[in-house]
Every structure is written in structure tokens, then in C-alpha cells.
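The structure under discussion appears below in the form of C-alpha cells.
Taken together, the values in this text are just the output of simple stated rules run on the coordinates, not laboratory data. Bear in mind the structure is a predicted one, so any value in this text is a computation, not a measurement. Neighbour counts run over all protein chains shown; Cβ positions are idealised from the backbone, glycine included.
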Amino acid sequence: MAGQKVAVPKGMRDFSPLEVRKRKYLLNIIEAAFRRFGYEALETPAMENLSTLTGKYGDEGDKLLFRVLNSGDYLKGVELDKIGEMRPEVLAKQLCDRGMRYDLTVPFARYVANNWGELPHPFKRYQIQPVWRADRPQKGRYREFLQCDVDVVGTESLLCEVELIRIVEQVFGELGLKVTLLLNNRKILAGLAEVLGHPDKLVPMTVAIDKLAKTSAEAVREELRAAGFEEDKIGELLALLTTEADNAQTLGALDGMLAGNPQGEKGLEELRWILRYAEYSEVEMPVRVSPSLARGLSYYTGAIFEVVVDSEEFNVSVCGGGRFDNLTGIFGLAGVTGVGISFGADRIYDALELLKLFPGDLDSSLDFLILNLCEAAYPLCVRMATLAHAQDYSCMIYPEVTKMRKQLEYADKRRALFAIIVGDRELEAQEVVVRNMMDGNQRAVPLDRVAEEIFGITPGLE
């Protein structure tokens, strides 16, 4: 009889055994790719000092931090008669010294700044851990979710960008998910703002053009107009951004628009280098130059990446990143450059689920269920389970003697691949019966052939 259901906090989730198997399948592929390219695993605490977290994500980000109430006498030092007059953020600072990890980037920067003298240079790390944000829960947006980051710091080499493109191709290739990698460069965006006559309006320009994939060109035009861009300049920019073209044509158009602009020309040079060496690396995944791509503009300084699924049913971003300079400057270590990307594990999971790309064998968590039909069969059941475990099969003996039907129903609910039946009748015949739970077919196996025919080993049971 089921008890009353107890809800989990909003924005948090339980994961069923099947969901855990699917998540592990996904994460194992991602982690294997990271390791293949020489990245080392790093883990940081779930909780950081608020002084580490605040001021790193802007005012809106600070509002989304999960603050942890001080332990013990958390009201010590607080003027209780003035609590009602305090602004929430002021009170929060007095009650809370720590907060839950908001992302993996700031803890990574802290770790690098603290350990720079002992780390190998360049330092290649990956990190797969949950983060927490006090966001408003909605479909596809959670308060606790997993991030999978891979970064290299301490080198300016563009070979690192090419390496990240190869990691993206290998991960999604192994998952069977068709994607396109969009590529841009922050220097190109800065150059465009300069040639349009508004170098001081880089941020509003990029905020507007980054919406082209989600809204109409006319809406973007209106936003640029409101930001102070002249009509003729807006028309020139939108013509560049909305014209369907291949990479050569897009780069040619950018050449013309950015001619004589040192920053823009440097960005184009870097883009061409990355594309050329991606070709040398035999990257077959579509890589498309996208001048409107402007993610992470506040800290990216070079290449910018975004990966989108090639599906009308699920055409969303599942991965992104870019090059950054001085990420560790916020912790007193200046001049450390690097590049990294982050895989959105939850979105990738949703894409695999929607497009039915998870392997079918993940549905089963049990290779063999040995039915428990009589105490006389206990020694044989235990020996068969031992044989199965030695061959790395998942196998269990049903714990209680009960009706065969009930045990087979359990095997079906567990999606077991095979049920091994051994009762008084089978013992008398010196055999066991193996039932394929997928199709219902079954066959008898003599006891002296069990090890070889069922578990693929010799010698057989005596």
C-alpha cells in the first residue's frame, strides 16, 4: 500500500534507476572524450564562501545565489530590533557567509589562482558536477542541474580551439546526435561596432543581434535603432547577418566590412586559422561561421562557440564556450588566458530522449534473475550466481521462495534479460531452464553445461 507522497523542493528532481543509467551512459561518453584529449578531472566544494561568489555574475546572478544560513547562533551580531528596516541583501549578508556553487567557472578560477605555482602549464581540466541557481522553475529549467566543463588555461595557442571542436565532434558522433557548431570571434564583433561608428555600444549591439535566431530582423532593427545606431548602418549590418551564405562567402563579406580595422582583421585571421586546422584534423561535423553569435560577451575575448542540434523537433543549443583572458584576475592572478566549453547534460539528455537515440540495452538493469523455487536448489542457485558475477554479469537470486509467476513478474518489471528456473522438477532432471524474457522462449540446459552454455565459461557444474 503506497504511502503519502512527499514532494521534493521545486526545481529539484529524483532520477529513477532507468534515468540514472541513461545519464551515466551520456556522462561516460563525455568524460571519456575529455580524458582522451589529456584533460584531468577536478572537483570543487558544493559550497563556497559568498565572498568568492558575489559580484562575479552581475546583480541578477547575485539574486539567484542559494545562500546557506550560518550554523549555530546565526542571529549573533544582528540588531534584532532593526531587522524589519533592513534591505533583504543587507540582512542576507549578516545571516549567511556561504552559498551553493552557481557555476563551475568561478570555482575553477579560484582553484587556479590558489594553485597556479604548483599546476602544470598549460593546465587542462574537466569538471562534471551539479550547480544550484534560485531561478524560477519551468520546463527545461531547474534549480539543480549538471554542468560538464572542459578548459585549458596558460596558453594562447589556437590549437586548443581546434581540439575543443574535435571533442565536440567525438562526443556527439558517439551519441548519434547530429549537430552544427557555430563559430565567431569577439574581436570581429568589436570591429563591427567600430566600423559602424559606435565602439562604445558593443554590448547593446551584440545583445540585439544575438536575438536574430529567435526573433524577426525587424525587431532587431528596432532594438538597434533604440540603441542609437543609424538606419543605413543597421541596414548594412543586417544584410551581412541575414544573408544565407557558406563560410567562404561570409568571411569574404566580413573582409569587406572590416577592411582597415585591426581588431576585426585579427579576429578574421584567428577564425580562418581555426577553420583551416579543423580541416587538417579531418573534422566532418558542420562548422559554420556565424557573425551574430555573441554568447558570453562579458568575458570571452576571442573565439566563441555554440553547438545546436540539427533537428526541427529539438533545435536548441546544447554546448557552448569560448576563449577568455584574465579569468583569474578576479582572484588576484592576472594574465592567465585560456579557452573552454560547457556541455549542457540535461539538454543533451532531453534531445537523446526525444529523438530516441538512447541504446535499447539501457532499459535492462539485470542480466539474470535466478528464481527461488525450493530450498533444495539453494546450493545450485548460489553457485550459478557466483559464476555469473565472476563473468561480470548482473545477476541476483530472488530472495524468497514463492510462486513462479510472482518471480517472473518481478523479472519482467526489472527488465531482466533472462530468468533461470530451477525447482524440484529441474533438480530431478539434472537441468535448469533458461527463459528469454524478451521473447518468452526457453530451453533446458543440462547441469554439466550450465557454465559453458549460459555464462560462456568452462568447466561446467558437477
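Rounded to the nearest 20, the size of the Cβ-charge dipole of segment 364-455 about its Cα centre is 340 debye, with Lys and Arg at +1 and Asp and Glu at -1.
Note that segment 444-457 has calculated 3J(HN,Hα) couplings of 8, 10, x, 4, 6, 10, 4, 4, 6, 7, 9, 10, x, 9 Hz, one per residue in order, obtained from phi through the Karplus relation 6.51 cos²θ - 1.76 cosθ + 1.60 (θ = phi - 60°); glycine and proline are x.
Farthest towards the positive end of the charge dipole of segment 364-455, among the residues Y410, Y398, A429, is the Cα of Y410, using unit charges on the Cβ of Lys, Arg, Asp and Glu.
What is the distance in Å between the Cα centres of segment 89-153 and segment 224-295? Between the Cα centres of segment 89-153 and segment 224-295 lies a distance of 32 Å. Fully extending the segment from L119 to M47 would add 23.6 nm, taking 0.36 nm per residue of separation and subtracting the current Cα-Cα distance. Sorted ascending by nearby beta carbons within 10 Å, beginning with the fewest, C374, C395 become C374, C395. With a cut-off of 15 Å on the backbone N, the residues of segment 349-379 near the modelled label site 7 Å out from V401 along Cα-Cβ are 371-379. DSSP beta bridges confined to segment 364-455 are antiparallel in about 60 percent of cases. Compute the Cα gyration tensor for segment 86-214, then decide on rounded, prolate or oblate, letting a ≥ b ≥ c be the square roots of its eigenvalues: rounded whenever a/c is under 1.5, prolate when a/b is larger than b/c in the other cases, and oblate in all that remain. Cα axes put segment 86-214 in the rounded bin.
Calculate for the chain the 222 nm mean residue ellipticity that helices alone would give, adding -39,500 (n - 2.57) per DSSP H run of length 4 or more and normalising by residue count, nearest 500 deg cm²/dmol.
Numbers: 17 runs with 183 residues, N = 462.
Dividing the helical sum by the residues of the chain leaves -12000 deg cm²/dmol.
You can think of it this way: the chain between S317 and K233 has 27.3 nm of extra reach, that is 0.36 nm per residue less the Cα-Cα gap.
Between the helical axis of 262-280 and the longest alpha-carbon principal axis of the chain there is an angle of about 30 degrees.
What is the gain in length, in nm to one decimal, between N247 and K178 on full extension, counting 0.36 nm per residue of separation less the C-alpha to C-alpha distance?
Values: separation 69, 0.36 × 69 = 24.84 nm, distance 1.92 nm.
Stretched fully, the N247-K178 segment lengthens by 22.9 nm.
Note that segment 46-62 has calculated 3J(HN,Hα) couplings of 5, 10, 10, 5, 4, 5, 6, 8, 6, x, 9, 10, x, 4, 5, x, 4 Hz, one per residue in order, obtained from phi through the Karplus relation 6.51 cos²θ - 1.76 cosθ + 1.60 (θ = phi - 60°); glycine and proline are x.
Relative to the longest principal axis of the Cα atoms of the chain, the long axis of helix 217-227 makes an angle of roughly 50 degrees.
In terms of other Cβ atoms within 10 Å, F15, F331, F343, F368 run from fewest to most in the order F15, F331, F368, F343.
Taken about its Cα centre, the chain carries a charge dipole of about 1120 debye when Lys and Arg each add +1 at the Cβ and Asp and Glu each add -1 at the Cβ. By the rule of a C-alpha distance below 17 Å, with chain neighbours fewer than 8 residues away ignored, the aspartates and glutamates paired with K356 are E19, E174, D310, E312, E313, D346.
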